[in-house]
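The values are calculated or read from the model by the stated rules, or taken from the named source; none is laboratory data. What you see is a predicted model, and the numbers here were worked out from it, not measured in a lab. Don't worry about glycine lacking a Cβ; one is built from the backbone with ideal geometry, like all the others, and counts go over all protein chains shown. Side chains included, ligands, DNA and RNA excluded: accessible areas come from the protein's heavy atoms. Shrake-Rupley method; radii C 1.70, N 1.55, O 1.52, S 1.80 Å.
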Amino acid sequence: MDILTRAQLKRIGELCLSASQGSNEFSKFSLATAIRDMQHNRLNGYELEVLEEWSSRENRSFDKNRVFIPFSEFRDLSKGTASAGGYLVATETPEAVDILRPWSVTARAGITVETGLIGDQAIPKTTTKATPYWVNETGQVTASNPSLTQVAMTPKTCGALVNVSRQLTLQTNAEGFIRRELMRTIGTAVDQGVLNGSGASGQPLGLLNTTGINTETGTSLAQAGVVSMKRKVSDSNAMDEDISFISTPSIRELLEKRERSTGSGFMWDRDMVASRPAYASTDVPTATMICGAWPYIYLGIWGNGFVVEINPYDNTGFKTGMIQARLLLSMDVSVLHPAAFCVATSIT
């Protein structure tokens, strides 16, 4: 056996450490540094090389004032796991759902997310299924064909304008803070679009404005009401493991104090309602609760990342040391089966 030299042993140790920690070819990239340099029109060095490489991989023309940041760059902020429910659409680029889940209540509930879209989308959808027939030994099966339709999706671009101080970009803890703030902004945009998008003025058509969803009276909402909501969702042949409730923090508080029946426990207990997971978000309209099989909502995202722009011409920001950044994301929402959802409003 050959005797390993000290240098070889050291190299083996370094490789083992690298493998245990995971590898990231752009781990030294600093978003805070890139934002600061873009503000002063001096983007160069390592950050410039990385941004150029990301644009090249996406077949994008590179613009120093309009840079592309891939979803994978934000993955370390997420510890999300795969949804328990079955996704309707498989995807080979799952970064978006992983990074969105901690910041978006609808992503945590299990909506189907697909990234990397390019052209307008036409999603095939079955409106009437084929009919099965029982036959005897010499009988014949009657032909029946399913009815199909298409769900059209076109990109709707959401933008957010945030102010970042120059001092913050210089501090050692600025990197994680900036990334988290960008993700919170996008998470809010996703939830607002999915739940309550108007379908007008550049917004996607959200769940609550989609025709065909079930309803339940919210007046004095009791255990019988939430059980009825779950049953109506199941009537659409949704799988039980896909069903979750989403409501507001105020409604959560209300139901955490309301008993299912005398001495039997509370309606909202340990983040469960009617034995299904329950989530709270301020992006849900007031006094509203939604029960649904969330994988039946399809969120399409055009491209595989965000577009970040810096405004170097803001005179007010220049005087105060503030950097004005705009974040853009193109997305659309489609509720594939409205009957797989039930909403209760004006809950008391």
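About its Cα centre, region 155-308 has a charge dipole of approximately 200 debye under the convention of +1 per Lys or Arg Cβ and -1 per Asp or Glu Cβ, with nothing else charged.
Ranking of SER250, SER244 by solvent-accessible surface, largest first: SER250, SER244 (1.4 Å probe, protein heavy atoms only, all chains present). On the beta carbon distance between THR348 and THR138, with R0 = 56 Å, the FRET formula returns roughly 0.35. Sequentially through region 181-197, phi angles give Karplus couplings (6.51, -1.76, 1.60; θ = phi - 60°) of 5, 5, 5, 4, 4, 5, x, 5, 4, 4, 4, 5, x, 5, 7, 9, x Hz, Gly and Pro residues having no value and appearing as x. Residue ranking by accessible heavy-atom surface, 1.4 Å probe, largest first, among TYR133, TYR279, TYR298, TYR313 comes out as TYR313, TYR133, TYR279, TYR298. Phi angles across region 277-290 convert, under the Karplus curve 6.51 cos²θ - 1.76 cosθ + 1.60 with θ = phi - 60°, into 3J(HN,Hα) values of x, 10, 10, 10, 8, 6, 7, 7, x, 3, 6, 10, 9, 10 Hz, Gly and Pro given as x.
Find, to one decimal place in angstroms, the Kirkwood hydrodynamic radius of region 105-248, where the mean of 1/r is taken over every pair of different Cα atoms and then inverted.
20.0 Å
How much of the accessible area of region 235-348, in percent, comes from carbon and sulfur atoms when a 1.4 Å probe is used? Carbon plus sulfur share of accessible area: 48 percent.
Would you mind checking LYS28/LYS319; LYS129/LYS156; LYS125/LYS232; LYS156/LYS232; LYS156/LYS319; LYS156/LYS230 for any pair whose Cα atoms are more than 26 angstrom apart? Walk me through the numbers on the way to the answer.
On the way: LYS28/LYS319 30 Å; LYS129/LYS156 31 Å; LYS125/LYS232 21 Å; LYS156/LYS232 31 Å; LYS156/LYS319 34 Å; LYS156/LYS230 31 Å.
Pairs exceeding 26 Å: LYS28/LYS319; LYS129/LYS156; LYS156/LYS232; LYS156/LYS319; LYS156/LYS230.
Our coupling estimate for region 255-265, obtained by passing each phi through the Karplus curve with A = 6.51, B = -1.76, C = 1.60 and θ = phi - 60°, is 6, 6, 9, 9, 6, 5, 7, 4, x, 9, x Hz, Gly and Pro reported as x.
Ligands, DNA and RNA aside, CYS158 has an accessible area near 40 Å² when probed at 1.4 Å. Accessible surface for GLU53 stands near 70 Å², nearest 10, in the context of the full protein assembly shown (1.4 Å probe).
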